[in-house]
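Report on one structure; see the data block that follows.
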Amino acid sequence: MEVSRICCIGAGYVGGPTMAIIAKHCPTVKVTVVDISQSQIDKWNSNNLPIYEPGLEEVVFECRGKNLFFSTDVDNVIRDSEIIFVSVNTPTKKFGIGAGKAADLKYWDIVARNIAKVANGPKVVVEKSTLPVRTAQSMAKVLHANDRKIHFEILSNPEFLAEGTAIHDLTYPDRILIGGNPTESGQKAVGQLEWIYRHWVDDKKILRTNLWSSELSKLVANAFLAQRISSINSISAVCERTGADVDEVARAVGMDSRIGPKFLKSSVGFGGSCFQKDILNLVYLCESLGLPEVAAYWEQVIIMNDYQKRRFSRQIVKCLFNTVSGKKITLLGFAFKKDTGDTRESASIYIAKQLLEERARISIFDPQVDPGQIDQDFLEYSILPTELKSGERVDQLVTKETDVYAACENSHAICIMTEWDMFRTLDFPRIFSRMEKPAFIFDGRNILKHDELRKIGFNVFAIGKAS
Ligand code: NAD
Ligand code: UGA
């Protein structure tokens with residue numbers, strides 16, 4: 001069952017950390033991560049890694065050059081590897097059939113065709129990306145449409161890591177899920193992948209299923225997690241109108257061991273590259289299967305999340321006397337959660353857009369997000385209303401600060417968008433003294449001490465709490 005050479009196609013948030021952890025725990029296995037992006041690979045080979053993830057640098061610096069390599073030589077690395085993980089992006093399709101819901105499998109398809117073209121012997125191909133159910137079947141068709149009679153075995157091995165805690169999640173996974181064909185060669189491939197994980201994961205945590213259960217379980221796990229957040233966020237609206245406190249309710253409900261305490265933190269809305277994309281993918285699947293009631297059930301999780309974001313920006317406008325036009329509003333945090341520089345689908349993006357539509361001036365501070373990334377997001381998400389797109393006007397409306405106190409200076413309102421620990425210990429009397437009055441704080445993460453802020457003089461609005 002031993003394996004000596006593996007690779008991963010796609011050196012992103014999943015491919016990089018996952019392979020680094022495999023390299024660390026399997027010193028006899030040569031692990032190569034490949035990507036079509038030269039700049040991405042250059043960063044993985046530098047001292048300035050392309051993603052921020054606590055603990056990642058230590059692992060990469062320990063293994064790189066020994067049994068962990070980063071390369072753009074995709075074809076040769078495919079030929080050299082026994083197991084090929086594929087971890088390319090699978091975003092929501094923006095065009096044509098299924099636009100706005102189905103997964104865009106373009107990158108995945110290109111990779112499959114390339115493996116079929118360049119492979120010179122049998123390979124195990126592992127789905128690491130999150131994919132629609134039965135992708136393995138399409139993959140098998142593409143891979144086996146070669147005239148060299150090469151055999152490919154496809155496995156599904158979805159990844160459950162969360163950003164910000166990736167190294168911990170990979171080191172101590174709740175489970176490793178491996179879906180494979182029931183055939184002899186299918187089970188042999190499952191055994192090879194198990195051999196890798198057994199280097200550091202207890203046997204009891206390795207779960208074997210059929211391919212379709214594995215593919216579907218990944219979508220369902222994300223849907224369940226997101227559903228919990230939308231559920232507590234829906235209750236936050238009830239709390240604000242009744243005097244109940246959403247954190248107290250979450251605690252009381254979560255202490256029921258059948259419900260459990262995790263993923264019940266009310267917020268301005270979940271973000272990240274996957275929850276929305278994967279639920280939409282599930283919704284599309286259900287619609288395609290002729291199950292409209294099931295599709296509508298899961299779509300409501302997204303509808304509730306959009307409602308939560310819109311509710312937050314409306315609250316800001318309402319509290320600031322129904323006009324934010326020309327007022328400076330500071331967004332503290334632009335990443336979709338703490339301990340990552342990732343901004344994909346961050347709630348901040350939507351709140352910035354909604355406030356700019358109201359003609360507010362926005363100031364943004366995030367300890368990890370590169371200002372260039374914020375510019376890119378503004379473009380990609382079409383954040384600026386059309387009539388405000390001229391360069392000069394944009395600079396007057398949006399400022400990106402590298403100092404948190406400068407970001408808050410002369411501000412009318414501060415919004416906590418990301419739960420970075422550093423925001424808990426800011427010098428709020430200092431901030432208050434340099435703000436416009438009346439000064440407002442909107443705590444979109446419920447991480448601040450609201451009574452103390454009120455004593456300083458702030459007007460405080462917090463999700464799911466009486467104002
Ligand atoms: P990412 O965008 O960070 O990385 C994908 C990488 O694939 C990019 O660097 C891109 O250049 C590369 N790529 C695209 N086409 C390629 C090709 N033809 N050849 C070589 N490289 C190519 O994406 P990600 O966040 O790592 O997500 C990857 C997959 O894993 C997605 O399906 C996602 O749903 C899933 N996933 C993500 C997370 C997460 O926390 N980000 C967690 C679990 C699962
Ligand atoms: C999520 C899942 O947790 C991972 O298991 C999964 O592998 C991954 O998606 C994926 O498939 O991409 P991630 O999106 O990185 O991981 O981060 P989460 O910790 O799940 O947070 C997602 C969003 O929900 C963040 O915006 C976070 O702030 C928000 N959240 C989370 C809440 O608002 N409340 C909570 O109680 C928990």
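The values are calculated or read from the model by the stated rules, or taken from the named source; none is laboratory data. These numbers were taken from a predicted model, which means no experiment stands behind them. All Cβ positions, glycine included, derive from the backbone under ideal geometry; neighbour counts span all protein chains shown.
Couple of notes before you dig in:
- Scanning the range 22-35 for residues that are out of contact with any strand residue (DSSP E or B) (no Cβ under 6 Å at 6 or more places or on another chain) and closer than 13 Å to SER87 by Cβ yields a single hit, ASP35.
- The residues on offer are ILE150, ILE167, ILE178, and the sole one that is part of a loop (DSSP other than H, G, I, E, B) and among the aliphatic types (A, V, I, L, M) is ILE150.
- Residues of the range 212-230 satisfying the condition of being among the small types (Gly, Ala, Ser), away from ligand 1 (no atom under 16 Å from the Cβ) and touching a residue at least 60 places away in the same chain (Cβ under 8 Å): SER230
- Some residue of the range 62-81 being more than 16 Å from ligand 2 (Cβ to nearest atom) and under 22 Å from the mean Cα position of the chain (by Cα): no
- Which numbered condition GLY341 misses (of (1) farther than 24 Å from LEU49 by Cα; (2) surrounded by fewer than 21 Cβ atoms within 10 Å (Cβ to Cβ)): (1)
- Any chance PRO50 is within 15 Å of ligand 1 (Cβ to nearest atom) and surrounded by 18 or more Cβ atoms within 10 Å (Cβ to Cβ): yes
- Candidates SER156, SER129, SER87, SER185: the one that is hydroxyl-bearing (Ser, Thr, Tyr) and more than 22 Å from SER273 (Cα to Cα) is SER185.
- Index of the failed condition, SER346 passing every other in (1) over 17 Å from ILE51 (Cα atoms); (2) touching a residue at least 24 places away in the same chain (Cβ under 8 Å): (1)
- Complete set of residues in the range 93-102 that are aliphatic (A, V, I, L, M) and either surrounded by fewer than 17 Cβ atoms within 10 Å (Cβ to Cβ) or within 16 Å of ligand 2 (Cβ to nearest atom) (or both): ILE97, ALA99
- Test: ALA250 is in a helix (DSSP H, G or I), crowded, with 21+ Cβ neighbours inside 10 Å, in the same structural domain as LEU384 (by the TED database) and not aromatic (Phe, Trp, Tyr): no
Quick grid of which residues meet (1) in a helix (DSSP H, G or I); (2) touching a strand residue (DSSP E or B) at 6+ places or on another chain (Cβ under 6 Å); (3) more than 16 Å from ligand 2 (Cβ to nearest atom); (4) in the same structural domain as PRO158 (by the TED database):
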site: ALA226; (1), (2), (3), (4): yes, no, no, no
site: SER230; (1), (2), (3), (4): yes, no, no, no
site: SER236; (1), (2), (3), (4): yes, no, no, no
site: CYS239; (1), (2), (3), (4): yes, no, no, no
site: LEU264; (1), (2), (3), (4): no, no, no, no
site: PHE270; (1), (2), (3), (4): no, no, no, no
site: GLU293; (1), (2), (3), (4): yes, no, yes, no
site: TRP298; (1), (2), (3), (4): yes, no, no, no
site: MET304; (1), (2), (3), (4): yes, no, no, no
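- Annotation: of all residues in the range 134-181 being within 13 Å of ligand 2 (Cβ to nearest atom) and among the polar types (S, T, N, Q), the one that is surrounded by the fewest Cβ atoms within 10 Å (Cβ to Cβ) is THR165.
- Number of residues in the range 108-133 that are within 19 Å of ILE9 (Cβ to Cβ) and either within 16 Å of ligand 2 (Cβ to nearest atom) or of a type in the set (Val, Ile, Thr) (or both): the value is 14.
- Among the candidates THR32, THR72, THR18, THR90, residue that is within 13 Å of ligand 1 (Cβ to nearest atom), at pLDDT below 95 and either among the polar types (S, T, N, Q) or surrounded by 15 or more Cβ atoms within 10 Å (Cβ to Cβ) (or both): THR90
- The range 342-372: number of residues that are of a type outside the set (Val, Ile, Thr), within 16 Å of ligand 2 (Cβ to nearest atom) and out of contact with any Asp or Glu (no Cβ under 7 Å at 6 or more places or on another chain): 10
- Cβ-Cβ under 7 Å pairs, at least 6 apart or on other chains, the range 117-137 side closer than 17 Å to ARG148 by Cβ and part of a helix (DSSP H, G or I), far side modelled with pLDDT of 95 or more and not hydrophobic (A, V, I, L, M, F, W, C): VAL118/ASP75; VAL118/ARG79
- Unmet criterion (only one of (1) more than 27 Å from PRO132 (Cβ to Cβ); (2) crowded, with 19+ Cβ neighbours inside 10 Å) for ALA189: (1)
- Selection status of LEU155, within 28 Å of the chain's Cα centre (by Cα), away from ligand 1 (no atom under 16 Å from the Cβ) and either of a type outside the set (Val, Ile, Thr) or closer than 30 Å to TYR284 by Cα (or both): no
- The requirement of being crowded, with 21+ Cβ neighbours inside 10 Å and modelled with pLDDT of 95 or more is fulfilled nowhere in the range 384-401; no residue meets it.
- Conditions (1) over 26 Å from ASN181 (Cβ atoms); (2) at pLDDT below 95; (3) out of contact with any Leu (no Cβ under 9 Å at 6 or more places or on another chain); number of the one not met by ASN48: (2)
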